[in-house]
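Below you'll find the structure, written out as structure tokens, and then a few comments.
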Amino acid sequence: MAGPAPDRQTRILPEITLHNVSRWRHHRLPPLITGLPNFGLVFGAILWILLFLWTIVRPPVSHYGLAVGLRIDESTFEKSPWSETLGVYLGADGSYYVNGKRTTQGDLHATLKSELNRRMVWDVYLESSKDAHYSDAIYAIDVIQKLGA
């Protein structure tokens, strides 16, 4: 807030003369911009503008993932050998079941070989009763691996 000019009676030290403490320096004017700006600066600004516009105008995002169309030809699916699985179940009494058919430990190799010869996929699933002996499960795994399944 500007008030009245101080006179000698209202100043604290009236005997000191007032003058500027620092001298005003005149700087020369900066040169005019005559060249093009840096390529990276211009290109980055364009990318930022495009990114900003893309976030505003883009279509809504699907919350279900990527849309993939799967056409299943039912006639080939029913005839495919891939749908048949081969499973070996080990019972608590030491009996083996190959796809539900009971077999003995001695016939397990021959039964598995005949079943595998009819299949294109040689994946064998082994399931065991919780009361079965560990050695019987090891024997079944050994036979399966020796056949190359």
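Every read-out reported here was derived from the displayed coordinates using simple, explicitly stated rules and does not represent laboratory data. On a predicted model such as this, the values are computed, not experimentally measured, just so you know. With ideal geometry, Cβ positions are generated from the backbone for all residues, glycine too; neighbour counts draw on all protein chains shown.
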Checklist entry - In what sequence do Y96, Y139 fall when counting other Cβ within 10 Å, fewest first? => result Y139, Y96
Next on the checklist: Taking 2.2 N^0.38 Å as the expected size of a compact globular protein, what ratio does the Cα radius of gyration of region 82-146 give against it, to two decimals?
Outcome noted: 1.04
